[in-house]
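Visitor: Can you read through this structure? Questions will come right after.
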Amino acid sequence: MDKQINNIGTASHEPGMAGRNERGGVQSIERAFSILEEIARNREGVSLAELSKRIGLHNSTTFHLVKTMVSLGYVQQRKDSKKYRIGRRLFTLAASSLDELELINLATPILEGLTRATGESGHLAVRSGDDVVVIAKTSGAGAFQLADRVGVARPAHCTALGKVLLAALPPPELERYFRTCELRQFTAKTIVEADPLLRQIDEVRRDGIAFDDGEFNAEIRCVAVPVYDLTSQVVAAIGISGPIWRLSLQALQEKARHVRSAAARLSQEFGFNSDAKSDAADSRSD
C-alpha cells in the first residue's frame, strides 16, 4: 500500500517536472540563439563580459552556453583577444543551403556588369565531375560572340575556368584527377603533360588567377578567378573570354582587374570574409 502511494505520488509530479524541463530547454535554446545573433553582429569579435551585458545574462550562464557552442564548432574564440566570433561549422551549414539557382541569381547582375566593363562575354562555372559546367553567361557587345551555351561542359585542364577549379582541389583529389583523366589535346597550345600543368595550377593557386591562351579553342583567350563562399572555399569560377584578334594578351591582363572585382563582389554576396581567409591561411602556415 505504501509502495502504491509512493508510486502515485511520484507519478503525480512527473507532468510538472516535464513541463519545467521543457520550459528550461526552450529557454536555453532562446539564450543560445541570442548569443549567436549577438556574436554575428560583431564581426571583430565580442568579449564574454560585453556579450553577457548585451544579452542580459550573468557571466557564468553565458560562459557555460558559449563554451558548449565553442566545443561544437558554432562559435570560435580568438587566441589573442579571447573574443568570440562565429565558428566555421555555422558557416558550413549556411553554405550547404546555397544551390546553383541561388548562385545564378546572385551572379547574373554581376556578370552583366562585368560584360559592360570589358565588352567581353562573361561566364560562371562550377565543377561537374572532372569537367566544368557553365551555369551562367552574358554576351559581349562586340560583333563576334562565343557560341557557348549555359549548361555546356568543358574540360578543366585547358580552360581558365577549369584551372581555377582544379587549383581549389585538395591534394588527394588533384592527384586522382591527374591519375584518371586524359589530358586531351584540343589545340597546339593545349598542355597535355602533367608536370607543366601542375606547375601552372600551382601558379593559379598562388596568384588567384588563370589564363587560357588558345588552349581549348585556338581563336579564343580567357581569364578567370575564383569565387569564394562564407567558409572561404572556392564555390565557382568567374571569367571573361573573347577572340584573340580583339583580346590581346595585354588587353587580357588589363581587363583581368574587372574580373577580380566581379569575383570579389560575388564572393561578398556569399558572405566571404577576406580577413577570415587570411586568418585561416596564417593558421595553416603555423
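Visitor: If you stretched the chain out fully between Arg257 and Arg89, how much longer would it get, using 0.36 nm times the residue separation minus the C-alpha to C-alpha distance?
Guide: Roughly 57.2 nm would be gained on extension.
Visitor: Relative to the present Cα-Cα distance, how much length would full extension add between Glu175 and Arg116 at 0.36 nm per residue of separation?
Guide: 17.4 nm
Visitor: Would you please put 53-61, 238-246 in order of how densely packed they are, using the mean number of other Cβ atoms within 10 angstrom per residue and starting with the highest?
Guide: In descending order of packing, they fall as 238-246, 53-61.
Visitor: Of the listed peptides 180-186, 41-47, 199-205, what is their order by residue-averaged count of other C-beta atoms within 10 Å, with the highest listed first?
Guide: 199-205, 41-47, 180-186
Readers should treat all values here as calculations from the given coordinates under stated rules, not as data from a laboratory. What you are looking at is a predicted structure, and each value in this text was computed from that prediction instead of being measured. Here Cβ is always computed from backbone atoms with ideal geometry, including for glycine, and neighbour counts include all displayed protein chains.
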